[in-house]
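A short reminder: the numbers here are calculations on the coordinates, not readings from a lab. What you are looking at is a predicted structure, and each value in this text was computed from that prediction instead of being measured. Methodologically, a virtual Cβ is constructed for each residue, glycine included, from the backbone with ideal geometry; neighbour enumeration extends over all protein chains shown.
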Amino acid sequence: MSEHEHANNSEDAAVSDLKDESAGIGETSGHPVAGERPEQVFEYARAPESRSVVHLRSSYGLFIDGAFVEPVDAKSYKTENPATEEVLAEIAAAGVEDVDRAVQAAGRAQKMVWGPMPGAERAKYLFRIARIMQERSRELAVLESLDNGKPIRESRDVDVPLAAAHFFYYAGWADKLDYAGFGPNPAPIGVAGQVIPWNFPLMMAAWKLAPALAAGNTCVLKPASTTPLSALLLAEIIQQADLPPGVVNVITGAGSLAGAALVAHPGVDKVAFTGSTEVGKDLQRALAGTGKHLTLELGGKAANIVFEDAPLDQAIEGIVNGIFFNQGEVCCAGSRLLVQESIADIVVERLKRRLATLRVGDPLDKNTDLGAINNPAQLDKIRELAAAGEAEGAIRWSPSCTLPSKGYWFAPTVFTNVSPAHRIAQEEIFGPVLSVLTFRTPEEAVAKANNTVYGLSAGV
Ligand code: NDP
């Protein structure tokens, strides 16, 4: 099929043409394996989701005290579609004064309105937000794919429904906190300062906001610079749900300025952060001794272990979902595959055959499996680590696929011949790159899986 023909203008496409030279690892993608029936090849008609459901504004302000307002010093930046490099909108860049305004508003709302409100009343607002999210789910999904680059199938079937489900779930808790194991009359902490990344922008916002609100806290949320739009649409939904002013505030802008000012603000009682391990460590240092509560959800380098008695077809699907879902931009992505030596060749061969069927391209096309990498800095990081993998002696393979000429793209990539000391076995790549290692005994598998500084997740 045409999408799988060799032709490309990016350095990554050149990789598509690399034939696997590792002995016994089977054919490259797309070719039948000796003794098996040739695979059927399907043509796909384009099935793009319409953009017309999204009404982008040319510019967006900060959401403070229930209203969209301009930042004090009128600074802004542009957010773009990573699949096309098209500018989507001008976004307000909050400064220290804006952060202060948002935290003050959250503090007032917490003391005067939201904290004293009975849980059953708070629950009604959360149910309302969840219902409006469901009503506007198509709009949220298209906007998320436009701003993040992820396939519409994932934003439509995963991000948006799970975000709404999260509000429903915590709405159910709001009037049951006395029975949640915190003792009678558990008290809210106060104002939560919440900083989130770009890989699941709406879902991360829901994960942060819903539980904090259910428990009577108010929030100042800072989305990632490259994916502010779904959080701003959520702010509109929050307005539509008539949430009292100041209960949720959304400030956009640079992490190093607005994010840092938010976590350092004395009016913030609790900081919740999801993102890179480096920034997480900085926050831990900055908040040590301040008495502020801190929750961190950082990086990972998960191992998926496949033993020789595993059902291979299911294992292959697990491996593919583990690392290629959301372009591998997942903290718990299964970026290391540990496969028992006796079945390594067959697993790698079947994996390659499966990867040859993945469709990379337009995130709004409902057939797309892999969309764009979220931002150019992340693409550079993936390229750098993939180059390091080759330089250190691992064998790089990608299926033949045509990457779009504009935007930020990286073909799905598998490294074999990986040793545990390689950078691609140690560092979080946060992209569609799988490092395959082998083992002989269960003890060796466990030792290799644990040979990491991360501890986030793993699978067998
Ligand atoms: P960062 O940790 O830099 O960013 C996450 C969030 O923190 C963003 O909102 C960012 O704002 C903000 N931020 C950045 N610096 C500060 C600061 N000093 N004080 C307060 N907030 C700050 O992650 P990146 O987006 O740069 O991604 C880099 C790496 O992080 C990835 O390669 C991956 O390894 C990891 N990552 C992990 C995620 C996870 O789910 N565990 C999610 C995303 C990334 P801004 O966007 O403006 O910089």
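Write out the chymotrypsin sites (Phe, Trp or Tyr not before Pro) in the range 168-222 meeting two conditions: DSSP loop, and at most 12 other Cβ atoms within 10 Å of their Cβ.
On the way: sites: Phe168, Tyr169, Tyr170, Trp173, Tyr179, Phe182, Trp198, Trp207; in loops: Phe182, Trp198.
Qualifying residues, ordered by number: Phe182.
Set Lys and Arg Cβ to +1 and Asp and Glu Cβ to -1, take the dipole of the range 42-82 about its Cα centre, and tell me which of Ala47, Phe63, Ala74 lies farthest positive.
Ranked along the dipole, the leading option is Ala47.
List residues of the range 68-87, by number, whose backbone nitrogen lies under 13 Å from a label position 7 Å along Cα→C-beta of Ala254.
Taking a point 7 Å out along Cα→Cβ of Ala254, the residues of the range 68-87 whose backbone N falls under 13 Å are 75-78.
Just order 261-271, 326-336, 93-103 by mean Cβ neighbour count inside 10 Å, highest at the front, would you?
Packing proxy ranking, top to bottom: 326-336, 93-103, 261-271.
Could you run the Karplus curve 6.51 cos²θ - 1.76 cosθ + 1.60 with θ = phi - 60° over the range 218-235 and give me ³J(HN,Hα) per residue in whole Hz, x for Gly and Pro?
Using θ = phi - 60°, the values come out as 10, 9, 10, 9, 10, x, 5, 4, 7, 9, x, 5, 6, 5, 6, 5, 4, 4 Hz.
List residues of the range 143-179, by number, whose backbone nitrogen lies under 18 Å from a label position 7 Å along Cα→C-beta of Arg359.
Residues 145-146, 149-158 fall inside that zone.
Starting from the Cα of Ser342, step 7 Å toward the Cβ, then list every residue of the range 399-442 with an amide N under 15 Å from that point.
Output list for this probe position: 439-442.
Taking 0.36 nm per residue of sequence separation and subtracting the Cα-Cα distance, how much length would be gained by fully extending the chain between Arg57 and Ala286, in nm to one decimal?
On the way: separation 229, 0.36 × 229 = 82.44 nm, distance 3.65 nm.
Once the chain is fully extended between Arg57 and Ala286, it gains 78.8 nm.
If I model a spin label at Ala165 and Glu121 as a point 7 Å from the Cα along the Cα→Cβ vector, what separation in nanometres do I get?
3.2 nm
Rounded to whole Hz and in sequence order, give me ³J(HN,Hα) for the range 236-248 from the Karplus expression 6.51 cos²θ - 1.76 cosθ + 1.60, θ = phi - 60°, writing x for Gly and Pro.
4, 5, 5, 4, 4, 7, 6, 4, x, x, x, 5, 10
Based on C-alpha coordinates, I'd like the Rg and Dmax of the range 336-460, in Å.
15.3, 46
Just how large is the dipole of the chain about the Cα centre, in debye to the nearest 20, putting +1 at every Lys and Arg Cβ and -1 at every Asp and Glu Cβ?
1360 debye
What 222 nm value per residue comes from the helices of the chain, counting each DSSP H run with n ≥ 4 as -39,500 (n - 2.57) and dividing by all residues, nearest 500 deg cm²/dmol? Working shown, then result.
Values: 14 runs with 158 residues, N = 460.
It lands at -10500 deg cm²/dmol.
Length gain on complete extension for the stretch Glu70 to Thr295, per 0.36 nm per residue less the alpha carbon to alpha carbon distance?
Stretched out fully, the Glu70 to Thr295 stretch lengthens by 78.0 nm.
When each pair of different Cα atoms in the chain is counted once in the 1/r mean, what is the Kirkwood radius in angstroms, to one decimal? Please report the intermediate quantities before stating the final value.
On the way: mean 1/r = 0.0429 Å⁻¹.
Evaluated over the chain, this radius sits at 23.3 Å.
Please give the contour-minus-distance gain from Lys176 to Glu443: 0.36 nm per residue of separation, less the Cα-Cα distance, rounded to one decimal in nm. Walk me through the numbers before you get to the answer.
Values: separation 267, 0.36 × 267 = 96.12 nm, distance 4.47 nm.
91.7 nm is the gain from fully extending Lys176 to Glu443.
Once the convex hull of the C-alpha atoms of the range 75-167 is built, how many Å³ does it hold per residue, rounded to a whole number?
Enclosed volume per residue, from the Cα hull, is 108 Å³.
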